[in-house]
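Every number here is computed from the coordinates shown, using simple stated rules; none is lab data. Worth saying up front: this structure is predicted, and the values here are computed from it rather than measured. All Cβ positions, glycine included, derive from the backbone under ideal geometry; neighbour counts span all protein chains shown.
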Amino acid sequence: MKDKRKTQATRLIMDVVVVLAVIVFCFLYLEHSNQIQNEANTILMNSLEDLNNSLANTASPSN
């Protein structure tokens, strides 16, 4: 019976740690969401520009 209680207590502690980690992650994400969004947009736009240049180079007639 004591082993079962120990196991339940251990699981509860692990669950609390996971919930606290998720909460900390959410706070950090909310603090830096604008920066993350700007960096993601920059990466996406650079990829689209590279794709556009690549398509333009393959579509142009070669001499």
**OP:** From (1) surrounded by 10 or more Cβ atoms within 10 Å (Cβ to Cβ); (2) of a type in the set (S, T, N, Q); (3) within 32 Å of the chain's Cα centre (by Cα), pick out the condition that doesn't hold for residue 7.
**Re:** (3)
**OP:** Kindly list the number of the only condition in (1) touching a helix residue (DSSP H, G or I) at 6+ places or on another chain (Cβ under 9 Å); (2) surrounded by fewer than 10 Cβ atoms within 10 Å (Cβ to Cβ) that fails for residue 29.
**Re:** (2)
